[in-house]
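Colleague: Can you keep this structure in mind? I'll have questions shortly.
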Amino acid sequence: MQELIQLQRDFFNTNATKSIAFRKQQLQKLEDVLKSNEQLMYDAIYKDFKKSEFDTFTGELALVYSDLKEAKKKVGKWSRIKRKTTNLLNQPGKSYVIPEPLGVSLIIGAWNYPYQLSFAPAISAMVAGCTIILKPSEVPSNTSKAIAKIVNENFDPSYFKVIEGGIPETSALLNEKFDKIFFTGSTSVGRIVYQAAAKYLTPVTLELGGKSPAIITEGSDLKMAAKRLVWAKFLNAGQTCIAPDYLVVHSSVQEKLLRLMKKEVENSCFSTDNGNYVQIVNHRNTERLIKMIATDKIYLGGKYDLETRTIEPTILNDIHFDDAIMEEEIFGPILPIISYTNIDEIITTIKSRPKPLSCYVFTENSSIKNKILSEVSFGGGCVNDAMMHISNSHLGFGGVGDSGMGSYHGEEGFKTFSHYKSVLHKSTIFEPNIKYSPHTDRKLNILKKLFKFS
Ligand code: NAD
């Protein structure tokens, strides 16, 4: 690993990655190799957790291709030197910031969208001009192998290399010095990564998880809410970091929403009878999820098969914030429903919990919407939809507090892997001697005035 990191550092120091032409060429190469290996990726992910080609394309590759397209188009613009205002004190002069790549980057991925969570940060690193060591999640082993094959057979290790492995390999990597670490995963491992990075003062982006609420107020479009929430919760069998973890529903609309959601589930492809229903990633997680199903609270579903690692779309009604299921991120197809009558109490309760990665508000009431958006802290979210904010790269994507720090996709990804070097370029025409000795009262008065106006 030390040799590989040194190889990448030496390559970075040749300045080759700073050329826009090089970055465009590598982004194009990544697009070409991904396109020519699509079947390999579909087969691998199906073997790991029965994810269909449709779900893999829409939930993973489409986002990767869209990031690639934008990166190729905007790399020149984003990398340009940006002029800034020069204050009076520094006249005559020019001021600007120069974006520069941070250097050798380490990207650590999570398992739930293995292609997207590996390649999207890699695109951000490439467009910024960093070299990349990518460690995908070892949990879906076929997918991890596919990612390693695609990258390692097509890219020079001095620029882009995949290292496969679990905790020992990741820990060994984290012992080394990088110029940037980008981590996607759980909050607990995020803390380990942050501590390891502190040793070298390495800048870190942490894309973590948490319990993301969806709040449904009275007077909201319930039919639309039911449709969008069922899709967002049960896609990928609920194994999505920004899936609504739980619903908080106004008591006056609760029954109707539940009925509409039941109908939506019945009409959807989210069924254990459907060959395309995604499996839970492993036995350990299936067992963890089964324990969360409080049988006396089941409104819908609740059946499971440990052997095939499948759990029906399950809705649990009459849940309270102090129930066991409200303690940890669910990350599976189980949806608890909490009823409310007073929005202020709900806001206070959500604010007393760790800051979520996402928050969704379903309402036609703009004062409640504004109250939630201004008072609740969360990474990102939607009004009258769920999860779709990730599909708009102009927004950037990331968490806050326990759900992470930093953001990526689009220009935010470029910034995440860059440092903006600030430069004051002074004219040599003249130099007022006001800051030099002797320090007189007259000079001090002029300086005070200058600072006031500059
Ligand atoms: P995880 O934290 O268990 O693993 C993530 C990565 O860290 C893997 O590559 C793994 O090999 C490595 N790792 C695990 N334990 C480690 C240790 N002790 N030391 C060093 N490295 C270690 O997370 P996961 O189970 O793969 O993913 C699920 C979590 O990720 C959920 O909390 C989910 O919300 C979150 N997530 C967040 C985003 C986001 O964009 N914010 C996206 C997907 C998943």
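The values are calculated or read from the model by the stated rules, or taken from the named source; none is laboratory data. Owing to the predicted nature of the structure, the values given are computational and were not obtained by experimental measurement. Cβ atoms come from the backbone with ideal geometry, glycine included; neighbour counts cover every protein chain shown. With ligands, DNA and RNA removed, areas are computed over all heavy atoms of the protein, side chains included. Shrake-Rupley method; radii C 1.70, N 1.55, O 1.52, S 1.80 Å.
Colleague: Find the residue count for region 76-96, including only residues that are hydrophobic (A, V, I, L, M, F, W, C) and in contact with a strand residue (DSSP E or B) (Cβ under 6 Å, 6 or more places away or on another chain). Talk me through it step by step, then tell me what you get.
Modeller: Filtering region 76-96 for residues hydrophobic (A, V, I, L, M, F, W, C) gives 78, 81, 88-89.
Now restrict to residues that are in contact with a strand residue (DSSP E or B) (Cβ under 6 Å, 6 or more places away or on another chain): 81.
Residues flagged as hydrophobic (A, V, I, L, M, F, W, C) and in contact with a strand residue (DSSP E or B) (Cβ under 6 Å, 6 or more places away or on another chain) within region 76-96 amount to 1.
Colleague: Could you figure out which of (1) surrounded by fewer than 18 Cβ atoms within 10 Å (Cβ to Cβ); (2) free of Cβ contacts under 8 Å to residues at least 60 places away in the same chain isn't true of His425?
Modeller: (2)
Colleague: Still on this structure, please answer the following. What are the residues in region 310-341 that are within 16 Å of the ligand (Cβ to nearest atom) and of a type in the set (Asp, Glu), if any?
Modeller: First pass over region 310-341, keeping only residues within 16 Å of the ligand (Cβ to nearest atom): 325-335.
Of everything in region 310-341, those that are within 16 Å of the ligand (Cβ to nearest atom) and of a type in the set (Asp, Glu) turn out to be Glu327, Glu328, Glu329.
Colleague: Of the residues that sit in region 158-170 and are outside any strand (DSSP E or B) and open to solvent by 50 Å² or more (accessible area, probe 1.4 Å), which one is nearest to the ligand (Cβ to nearest atom)? Quick ask: steps written out before the conclusion?
Modeller: Going through region 158-170, the residues outside any strand (DSSP E or B) turn out to be 158-159, 163-170.
Subset that is open to solvent by 50 Å² or more (accessible area, probe 1.4 Å): 164, 167-169.
Numbers: Glu164: 10, Ile167: 4, Pro168: 9, Glu169: 8 Å.
In this case the residue turns out to be Ile167.
Colleague: Something else about it: Take region 93-118 and flag every residue that is among the aromatic types (Phe, Trp, Tyr) and either open to solvent by 10 Å² or more (accessible area, probe 1.4 Å) or not assigned by TED's automatic domain parsing to the domain that holds Thr58 (or both).
Modeller: The initial filter retains those residues of region 93-118 that are among the aromatic types (Phe, Trp, Tyr), namely 96, 111, 113, 115.
Within region 93-118, Tyr96, Trp111, Tyr113 meet the criteria.
Colleague: Hey, among the residues in region 171-192 that are surrounded by 22 or more Cβ atoms within 10 Å (Cβ to Cβ) and within 9 Å of the ligand (Cβ to nearest atom), which one's farthest from Ile338 (Cα to Cα)?
Modeller: Once the filter is applied, the top-ranked residue is Phe183.
Colleague: Then there's this: Looking only at region 271-320, which residues are open to solvent by 40 Å² or more (accessible area, probe 1.4 Å) and aliphatic (A, V, I, L, M)?
Modeller: Within region 271-320, Ile298, Leu306 qualify.
Colleague: Just give me the residues in region 222-276 being within 16 Å of the ligand (Cβ to nearest atom) and farther than 23 Å from Asp323 by Cβ, in sequence order.
Modeller: Leu235, Asn236
Colleague: Given the criterion assigned by TED's automatic domain parsing to the domain that holds Ser188 and open to solvent by 20 Å² or more (accessible area, probe 1.4 Å), identify the matching residue among Glu364, Glu411.
Modeller: Values: Glu364 fails: assigned by TED's automatic domain parsing to the domain that holds Ser188.
Result: Glu411 is the single residue among Glu364, Glu411 that is assigned by TED's automatic domain parsing to the domain that holds Ser188 and open to solvent by 20 Å² or more (accessible area, probe 1.4 Å).
Colleague: Could we say that Asp344 is within 15 Å of the ligand (Cβ to nearest atom) and either without any contact (Cβ under 8 Å) to a residue 60 or more places away in the chain or not in a loop (DSSP other than H, G, I, E, B) (or both) here? Outline the logic, then answer.
Modeller: Working: within 15 Å of the ligand (Cβ to nearest atom): no; either without any contact (Cβ under 8 Å) to a residue 60 or more places away in the chain or not in a loop (DSSP other than H, G, I, E, B) (or both): yes.
Answer is no for this residue.
Colleague: Shifting gears a bit: Give the residue that is farthest from Gly59 (Cα to Cα), with candidates limited to residues of region 252-291 that are within 26 Å of the chain's Cα centre (by Cα) and of a type in the set (A, V, I, L, M).
Modeller: In this case the residue turns out to be Leu289.
Colleague: Under 9 Å between Cβ atoms, which residue pairs at least 6 apart in sequence (or on different chains) link something in region 197-218 that is open to solvent by 10 Å² or more (accessible area, probe 1.4 Å) with a partner that is part of a strand (DSSP E or B) and away from the ligand (no atom under 15 Å from the Cβ)?
Modeller: Correct list of pairs: Thr202/Lys180; Pro203/Lys180; Pro203/His419; Val204/Lys180; Glu218/His250.
Colleague: Given the structure, is Thr86 free of Cβ contacts under 8 Å to residues at least 60 places away in the same chain and either of a type in the set (S, T, N, Q) or touching a Cys at 6+ places or on another chain (Cβ under 6 Å) (or both)?
Modeller: Numbers: free of Cβ contacts under 8 Å to residues at least 60 places away in the same chain: no; either of a type in the set (S, T, N, Q) or touching a Cys at 6+ places or on another chain (Cβ under 6 Å) (or both): yes.
No; evaluated as a whole, the condition is false for this residue.
Colleague: Here are Lys263, Lys233: which of them is surrounded by 22 or more Cβ atoms within 10 Å (Cβ to Cβ) and closer than 22 Å to Asn384 by Cα?
Modeller: Numbers: Lys263 fails: surrounded by 22 or more Cβ atoms within 10 Å (Cβ to Cβ).
Being surrounded by 22 or more Cβ atoms within 10 Å (Cβ to Cβ) and closer than 22 Å to Asn384 by Cα holds for just one of Lys263, Lys233, which is Lys233.
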